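As structure tokens, the structure follows; a few thoughts come after it.
Throughout, read-outs are computed from the coordinates displayed, never taken from laboratory work. Keep in mind that this is a model prediction, so the values were computed, not measured. Ideal geometry is used to build each Cβ from the backbone, glycine not excepted, and the neighbour counts take in all protein chains shown.
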Amino acid sequence: MVRAESAEGIARIALDRPEKKNAFTAEMYRQLGAALASADADVTVRAVLLHGTRECFSAGNDLADFMKPRVAGEEAPTAQLFRALPTMKKPVVAAVGGPAIGIGCTLLLHCDLVYAGQGARFQLPFVPLGVIPEFGSSYLLPLVAGYQRAAELLLLGQPFSAERAREAGIVNAVVADAEVIAAAEKAARALAALPAESVRLTKALLRKTHAQALEARIAEETRIFAERLASPEAKAAMSAFLEKRK
């Protein structure tokens, strides 16, 4: 469900579950976390390129899989991704085509550069599903978007365009759909060509101010999210969503 390969200083990590629009299962969280950690530890890698297809980045969590009983705590598959991406030393560039929903949107807040196709569509539907925002998004989104804009996107949970994502600071630039992966790869190659230690130190300084607070918020969100997931309200909302989709 996650493909990874490295060449010319760039680790390419692709979400590859097209039959389910790259919806995340527990195993997919584990695979992506492992691929990111491996790329960060590889001395030949100088930048990471993360993408889906031009048609779909990720439709979010696979709700049928997500509602199954699962391992909690430090060994949880979600925890592996939640540890790996925010602590990456190498720069991460993301290319977003098509839907970027839920975790497919919140993980972008941990990337260093994000490029979206004109047809990309974003959504943070946590509240409508009876849960709360995850992966530090309740902390990071107000930082980049301002409180009112973040409140609108997180509380109402409605879809929004690539241009709106750019205005909110989630995306660096919006390009033609056919060019989105190429644009992100160009940026990754530019980063890989720069002095590696200067890149690493600059990223570390940029991230340092909020690192501890972000780690604490991710832990708090994860705890509350698990509580909400078991609530009658969330179960009813997710069941209604699954029935409507059928």
Answer check: region 156-246, Cα atoms, Kirkwood Rh, Rg/Rh ratio of 1.11
In percent, what relative contact order does region 2-197 have, based on Cα pairs under 8 Å that are 6 or more apart in sequence?
22 percent
Gap separating the Cα centres of region 136-198 and region 213-246, nearest whole Å:
24 Å
For Ala100, which sequence-distant residues (separation of 5 or more, or a different chain) have an amide H within less than 5 Å of its own amide H, given hydrogens modelled in the peptide plane?
Ser58, Arg121, Phe122, Gln123
In nanometres, what is the gap between the two model label sites at Val144 and Glu163, each 7 Å from Cα along Cα-to-Cβ?
2.0 nm
Starting from a Cα-only point model with no solvent, please compute log10 I(q)/I(0) by Debye for the chain at q = 0.13, 0.16, 0.17 1/Å.
-0.76, -1.21, -1.39
Do the sum for the chain: with -39,500 (n - 2.57) for every DSSP H run of n ≥ 4, divided by all residues, what is the mean residue ellipticity at 222 nm, to the nearest 500 deg cm²/dmol?
-13500 deg cm²/dmol
Going residue by residue through region 170-183, the Karplus relation 6.51 cos²θ - 1.76 cosθ + 1.60 with θ = phi - 60° gives ³J(HN,Hα) values, rounded to whole Hz and with x marking Gly or Pro, of 6, 10, 7, 8, 10, 10, 4, 3, 5, 10, 5, 5, 5, 5
Could you give the length gained by full extension between Glu8 and Glu227, i.e. 0.36 nm per residue of separation minus their alpha carbon distance, to one decimal place?
74.4 nm
So for region 2-197: antiparallel DSSP bridges make up what percent, rounded to the nearest 5?
30 percent
Compute the angle between helix 196-208 and the longest alpha-carbon principal axis of the chain, please, reported from 0 to 90 degrees and rounded to the nearest 10.
30 degrees
